[in-house]
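Novice: The following block contains the structure, expressed as structure tokens.
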């Protein structure tokens, strides 16, 4: 098994646990790959074990699994590195468990045992492909969570015309507008009042952010097809965000969103499922009187 490692900022409190995790990885792959900036970050907190090989950009072709150390944001960034979904991602959370990074550091050895034993299972997640004429969206014009048009300041609002294929849907007057995947339904869309959607559902969610018309509510539509967003308003420039990446957007530009032609693969342990994660994160089933 060939392993690659990716992560972001390292807390000094996590340094010893991460060093032990690296040692365990090297027992499984004595020449494991590690993302170069992450190796530099680790080097500020520990002596990085020898044997790790640095890479930059996409993961090397021979890698079988990418371990992403951090939170859900780290997994989102890792999704840009796995060669259009060829390499599955195992999210290892160095803080509180997330919806995407659902293996704790305490369970890391168990997760490695499960990988070796073949008792993990892989879940494929849909992405959104985004195109805007005249705007360079980089080498990864895709979103695993959501695509958002939002305002740059607190004084103005965004007016967004929405079409699905050739059919007019609505004009939203709001602080912003999200188009979310089922994966993103538990992220920004949820905080804006959108529904929780089971991953694997072939839908997207259109959610206005603080709509100025209280009749506007989140809308669930089939994943297939193209959604077109055109933003206007008093602001001369808006922001287009794809997960954690943002780009300036001029009024009147068409933002075309359709399903990507590939999926990102996320690794889960045998006992894990979406509902157990939601129950834990959302505190379902707990009596609020018991505090």
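Derivation of every value follows stated rules applied to the coordinates shown; laboratory data play no part. Since the model is a prediction, treat every value here as computed from it, not as a measurement. Here Cβ is always computed from backbone atoms with ideal geometry, including for glycine, and neighbour counts include all displayed protein chains.
Novice: Mean residue ellipticity at 222 nm from the helices of the chain, using -39,500 (n - 2.57) per DSSP H segment of n ≥ 4 over the full residue count, to the nearest 500 deg cm²/dmol?
Specialist: Value at 222 nm, helices only: -5000 deg cm²/dmol.
Novice: Follow-up. Given 0.36 nm per residue, what is the gain on full extension from residue 131 to residue 263 after removing their alpha carbon distance, in nm?
Specialist: Fully extending the segment from residue 131 to residue 263 adds 45.7 nm.
Novice: Right, next: Nearest 10 degrees, 0 to 90: what angle lies between the long axis of helix 108-117 and the longest principal axis of the chain (Cα atoms)?
Specialist: 80 degrees
Novice: How many nm is it between the label spots at residue 28 and residue 117, if each spot is 7 Å from the Cα in line with the beta carbon?
Specialist: Taking the simple label geometry, residue 28 and residue 117 are separated by 1.3 nm.
Novice: Related question: Could you check the spin-label model distance between residue 230 and residue 161? Points 7 Å from the Cα along Cα→Cβ, value in nm.
Specialist: 0.3 nm
Novice: Could you tell me the relative contact order of the stretch 1-146? Use alpha-carbon pairs under 8 Å, at least six residues apart, and round to a whole percent.
Specialist: After rounding, I find 20 percent.
Novice: Also: Multiply the residue separation of residue 109 and residue 86 by 0.36 nm, subtract the distance between their alpha-carbon atoms, and state the gained length in nm to one decimal.
Specialist: Extending this stretch completely gives an extra 5.8 nm.
Novice: Something else now. How do 173, 284, 33, 121 rank when sorted from fewest to most other Cβ atoms within 10 Å of their own Cβ?
Specialist: Fewest-to-most Cβ neighbours within 10 Å comes out as 284, 121, 173, 33.
Novice: So, one more: Considering only C-alpha atoms, what is the centroid distance from the stretch 133-155 to the stretch 34-101, in Å?
Specialist: Taking the Cα centre of the stretch 34-101 as reference, the centre of the stretch 133-155 is 24 Å away.
Novice: Calculate how steeply helix 15-28 sits against the longest principal axis of the alpha-carbon atoms of the chain, using the helix alpha-carbon long axis, and give the answer as 0 to 90 degrees to the nearest 10.
Specialist: 70 degrees
Novice: How much length, in nm to one decimal, is gained on full extension between residue 223 and residue 169, taken as 0.36 nm per residue of separation minus their Cα-Cα distance?
Specialist: Length difference between fully extended and current span is 17.9 nm.
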